[in-house]
Amino acid sequence: MKKIIPIFLIGILVLSGFGASAISEKERKTIAPSLYTDEFDMVIIAPEKFLSSIQPLIDHKNSHGVQTFLKITEEIYGEYDGRDKAEQIKYFIKDAIEEHGINYVLLMGGRKGQLPNYYIPGRYVILDDGYFDQPYLSDLYYADIYKNGNEFDDWDSNDDDIFAEWGKDILDLEPDVYVGRLPCRYLFEVKIVVDKIIEYETSTYSQEWFNRMVVLGGDTNPGIGDPFPNEGEAVCDYISDMMIGFDITKLYCSYGTLTGHAELLDAMNQGCGFVLYEGHGLQNRIETFDPNGNPVEPFHNKYIPFLRNKGQYPICVFGCCVTAKFDVSILNIFNPNRFGRSDCTLEEIGWRLVRKPNGGSIAHIGATSVVWGYTGDVNVNGIPDSVENGLLGWINAEFFRLYIEEEYQFLGELHWETIRNYCNTFSVHSDKLDCKQVQEITLIGDPSLKVGGYPTV
Ligand SMILES: [Ca+2]
Ligand SMILES: [Ca+2]
Ligand SMILES: [Ca+2]
Ligand SMILES: [Ca+2]
């Protein structure tokens, strides 16, 4: 029996005790090269409205050997069958793999401003995790193209037009292509993120700032967790130990180096290659606790205008809830659900950081729903169960392990090979929380991003 303790409405729920899966070493597998052709590496999918600002990105990618083409959503909707727009796009991606040999898909579009419709829709998953029953967005839908070899997986195996329903639809879940989303709501945002990607890839290489990493957290779940009472810090410590060659700045509540928003703002303004946060998240901010159980708010959308890190954009990995929930809108006041008023915000913090001009982040890895985590050290091996038993701590650690040990160089590979390894290690087909974990973790960014930039010639 698993013992589930809800700790915080929008936060990490704690799963402690029994039922933890063992980690097994799996053979490294990567997405197989197409059998058909290798004409292209990436397709960018975007609405016609964004066309004028995307061409510089295509030229830039092609000049670095990432052969890229653009497909307009309006064309997809005219050319492809499917029960809805998301399925039409998924059929197009299948074609792009088989006819053009692509490995990367960049979904360039999110909600249309604050309106309820989308430039590129998301797929909602119907999985009630036992505590939180609201459907959530899963871009894994667009990455998991095949099941049983080369059969199209529509994520509706029982054919009732309800997608990804737990207990009814059998999903493959293993990714087949590297997908990232830049959920632009306006044309001006497209220009900002295109400029930032080009700047990052051409100016980051061999820069000192890139080798700095900021890790932050506190006592995620006050009152429990021994012998690692400060759960967020324990995960950060574990990952920091892996990051050979990086100069680590630890912003920890227990050190007194994390007391509010000023510390992260300062650290990011000095430039860093990665930010890792472990704690609680809401749509527009992050929160944790100090060792005395007092709440600490390390960041909020309202502080983003004070970021001055132009040209020094970190990849942000947030081990917490809903910071990549790209369906938020102030109009959600008319659509009350269990996310409540937290969903009534202009944009999620992950995207707000990425789309910030002259500062912020280059990419964000976060969740679209509530996440769960293990706490403590039930098997008494000195390693926090949060990083060895699965769920988000394991995923965050595996991402950095692949970067350091396996030397994956492209962001989409790092993200999706992490997901593939999770699928091959844990019970994603029989355990709701394992399944939810791989569905909700989302890459907000260019999947072909060269981490650390290209060498200058
Ligand atoms: Ca179904
Ligand atoms: Ca698959
Ligand atoms: Ca604790
Ligand atoms: Ca342990």
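The numbers here are math on the coordinates, done by the rules we state, and not lab data. Here the structure is a predicted model, which means the values were calculated and not measured. Cβ coordinates were reconstructed from backbone atoms using ideal geometry, including for glycine residues, and neighbour counts include every protein chain displayed.
Worth a mention:
- Burial order of peptide ranges 376-385, 349-358, 167-176, 108-117 (average beta-carbon count within 10 Å, highest first): 349-358, 167-176, 108-117, 376-385
- Dividing the mean sequence gap of close Cα pairs (under 8 Å, 6+ apart) by how many residues the chain holds gives a relative contact order of 19 percent.
- Normalised by the number of residues in the range 399-457, the average gap of Cα pairs under 8 Å and 6 or more apart makes the relative contact order 40 percent.
- Gap separating the Cα centres of the range 186-234 and the range 382-407, nearest whole Å: 16 Å
- Cross-link pairs beyond the 18 Å C-alpha cut-off, checked among Lys94/Lys147; Lys112/Lys325; Lys61/Lys90; Lys90/Lys450; Lys85/Lys112: Lys61/Lys90; Lys90/Lys450
- For the range 311-425: relative contact order, % (alpha-carbon pairs under 8 angstrom, 6 or more apart): 24 percent
- In the chain, the DSSP-assigned H stretches of four residues or longer account for a calculated mean residue ellipticity at 222 nm of -8000 deg cm²/dmol, using -39500 (n - 2.57) per stretch and the full residue count as denominator.
- Dipole in debye (nearest 20) - the chain, about Cα centre, beta carbon charges: Lys, Arg +1; Asp, Glu -1: 1540 debye
- Cβ-placed point charges (K, R +1; D, E -1), dipole of the range 290-377 about Cα centre in debye, nearest 20: 400 debye
- When +1 charges are put on Lys and Arg Cβ atoms and -1 charges on Asp and Glu Cβ atoms, the dipole computed for the range 339-457 relative to its Cα centre reaches about 480 debye.
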